[in-house]
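In what follows, a single structure is set out as C-alpha cells and then discussed.
The values are calculated or read from the model by the stated rules, or taken from the named source; none is laboratory data. As the structure is a computational prediction, the values presented were derived from the model and not from experiment. With ligands, DNA and RNA removed, areas are computed over all heavy atoms of the protein, side chains included. Shrake-Rupley method; radii C 1.70, N 1.55, O 1.52, S 1.80 Å.
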Amino acid sequence: MRFGLAAAFLLWAGLAEAQDPRLTERLGPGVLQAVQLQIDSANHDQLPAGPLIRKALEGQSKRADSARIVGAVRALRLALAGARLALGGGSEEEVIAGANAIRAGVPALALQRLRRARAASLSTPIDVMTDLVARGVEPSDASSAVERLVRIGRNDRELIRLREQIDQDIRSGLDPRAALERRLAGVPAAGPPIPP
Amino acid sequence: LTDHGRELDPIVGAALAELRRPADLGPGVDAAVLAQVRRLPSPRSLRFRQRMAGAAVMGAAAMLLVVFARVRAAGEAGIPFAIEAPSASSISVVGDFNDWNPSITPLERSRDGRWTVRLKLRPGRYRYSYLVDGTRWVADPAHPAPPDRDFDAPTSLVTVRETQ
C-alpha cells in the first residue's frame, strides 16, 4: 500500500515537472490534463510541442471553452504529424509551416510535390502558400503556383516579393485569383512533375 | 652731431652715436640663427597639418553621426503594431510572442487616437489580436487573418523576416 502511494506520488511529481508552467498556471485541471495528453503524444512522436502550447494559451486567453481548446490543440497535432509525413521529415520550421498549410486547406500531396522539387528548406515556400490562401487564393491555386515557381528555381526572396505584390494587388481591389494570374503572367512554365 | 638737421648736445650726440653702432655678436651668430629658422616648420607643412586636423575633426564628427543614427535606429527597431481606436481607453497586443498574455504588451495612445507599439521579434510567424478595453478582440487590418478559425475571435498573422 505504502509502495503504491509512493509510486503514485512519484508519477504525479514527474508529470507535474514535465508540464509547462504556463499551462499549469492558466488552464483548469480538466483542460490541462487533456491538453497535456496531446503534448505527451506530440513529444512521443517527436513533433514540436511549442505550437500546441501556444494554441492552448490562445484559447484560454480568448476564453474558449475546454472542448474548443482541446479540439484546436488536437487538430494542430494531427496537422503537424501529417506535415511531417508529407515532407518526409524536415526541420521543425518546415513541419510547423506544413501544419499551418494543411490547416489552411493545402493538400498534403502538394507538400510532397514541393519536397521533391527542392532540397533546400521549404518553410518559406510553404509559408507563402499559406499566406496566399489567407489572402483568399484557392488552396489548389496557391499550391500549384508556388510549386511552379520552386520548380523553375525561384528563391525565397523572389517568392516573398511575389507574395507582397499579390497582397498589394488584392488590397487595391483585385480578385485574389486575378492577382495571382497577373503576377504569374510571363513566368515560364515548369516541366513535368518529378516522379516520386 | 645732428639729428634730422638739428644740432645735438655733445653728450647726447655721443650716446646716439654709440647706440647707432652695430653690435658685434661674433661670427657664429648668423649661422646659428639661420639654422634655427631652417628647423621651423615651413608654411606648406603647417597647411598640411591644418588640413589633417580638419580631416580628423570631420571624421570624428562623421563617426558621431553614424553612432547617433544607429542608436536612433535601434530605438525605432522592431515590428510596428498600430490600430486606430480614438474612443478606446486601453489596448494591448496579445499573441504567440507574449504567450497570449493580455497584460504584457500595452499599446501607447497618441493625440490623434492612434495606438502603437514596436516589438522586437525573432524571424517567424506569429498569430495575434488586439484586445480593446480588456474585452473586445480586434484583428489587425494591416495583416491577413490565419485561414483557420479555431476560437472565432478575430486574429491576424504576421510574418517576421530576417531583415526586419
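What are the residues of the stretch A:89-105 that lose 10 Å² or more of accessible area, with a 1.4 Å probe, going from their chain alone to all protein chains?
Buried by 10 Å² or more upon assembly, which counts only protein chains, are A:Asn100, A:Arg103, A:Ala104.
For chain A, what relative contact order do you get, as a whole percent, if you take Cα pairs closer than 8 Å and at least 6 residues apart?
On the way: 193 pairs, mean separation 26.4, N = 196.
It comes to 13 percent, rounded to a whole number.
So what are the ³J(HN,Hα) numbers for the stretch B:120-136, from phi and the Karplus equation (6.51, -1.76, 1.60; θ = phi - 60°), rounded to whole Hz, Gly and Pro as x?
Calculated HN-Hα couplings, in order: 8, 10, 6, x, x, 10, 10, 8, 7, 9, 9, 10, 9, 6, x, 9, 10 Hz.
When the solvent-accessible surface of protein heavy atoms is calculated with a 1.4 angstrom probe, in what order do B:Asp140, A:Asp40 fall, highest first?
Working: B:Asp140 10, A:Asp40 60 Å².
Largest accessible area first, the residues go A:Asp40, B:Asp140.
I need the shape label for the protein assembly as shown. Rule: rounded when a/c is under 1.5, else prolate if a/b > b/c, else oblate, with a, b, c from the alpha carbon gyration tensor.
Details: a/c = 3.21, a/b = 2.54, b/c = 1.26.
It is prolate, given that a/c is not under 1.5 and a/b is the larger ratio.
When all protein chains stay in place, what accessible area (Å², nearest 10, 1.4 Å probe) is found for A:Arg182?
Number for this one is 130 Å².
Would you mind telling me which residue in A:Arg84, A:Arg63, A:Arg163 has the biggest mean-square fluctuation in a Gaussian network model of chain A, where springs connect alpha carbons within a distance under 10 angstrom?
Greatest mean-square fluctuation among the candidates belongs to A:Arg63.
As a test of the definition: with a 1.4 Å probe, what buried accessible area, both sides summed, do you compute for B against A, in Å² to the nearest 100?
Numbers: alone 12780 and 11150 Å², together 21780 Å².
For chain B against chain A, roughly 2200 Å² becomes buried.
Just how much of A:Val31 is accessible, in Å², when a 1.4 Å probe is used and the result is rounded to the nearest 10?
That residue has around 10 Å² of solvent-accessible surface.
Rounded to the nearest 10 degrees, what's the angle between the helix A:156-171 long axis and the longest principal axis of chain A, both from Cα atoms, 0 to 90?
80 degrees
Do any residues of the stretch B:101-139 show a loss of at least 30 square angstrom of accessible area between the isolated chain and the full protein assembly, using a 1.4 Å probe, and if so which?
B:Arg125, B:Trp137
Hey, what angle do you get for helix A:123-134 against the long axis of chain A, alpha-carbon based, 0 to 90 degrees rounded to 10?
Between helix and principal axis, roughly 80 degrees.
Multiply the residue separation of B:Gln36 and B:Ala55 by 0.36 nm, subtract the distance between their alpha-carbon atoms, and state the gained length in nm to one decimal.
On the way: separation 19, 0.36 × 19 = 6.84 nm, distance 3.01 nm.
Full extension of this stretch gives 3.8 nm more.
Amide H neighbours of B:Ile91 under 5 Å, counting only residues 5+ apart in sequence or on other chains, H built in-plane at 1.01 Å?
Residues meeting the criterion, in which the H sits 1.01 Å from N, are B:Leu107, B:Asp133.
So, with a 1.4 angstrom probe, what is the percent of accessible area on the protein assembly as shown that is carbon and sulfur? Write down the numbers at each step before the final one.
Numbers: 12450 of 21780 Å².
Here it works out to 57 percent.
Report, in degrees rounded to the nearest 10, the 0 to 90 angle that the Cα long axis of helix A:29-44 makes with the longest principal axis of chain A.
Result, in degrees: 60.
So how many Å³ per residue does the convex hull of the Cα atoms of chain A work out to? Numbers along the way, then the final one.
Details: hull volume 27.1 nm³, N = 196.
Looking at chain A, the number lands at 138 Å³ per residue.
Quick check for you: with a 1.4 Å probe and neighbouring chains kept, what is the accessible area per residue of the protein assembly as shown, in Å²? Please list the in-between numbers first.
Details: 21780 Å² over 360 residues.
Result: 60 Å² of accessible area for each residue.
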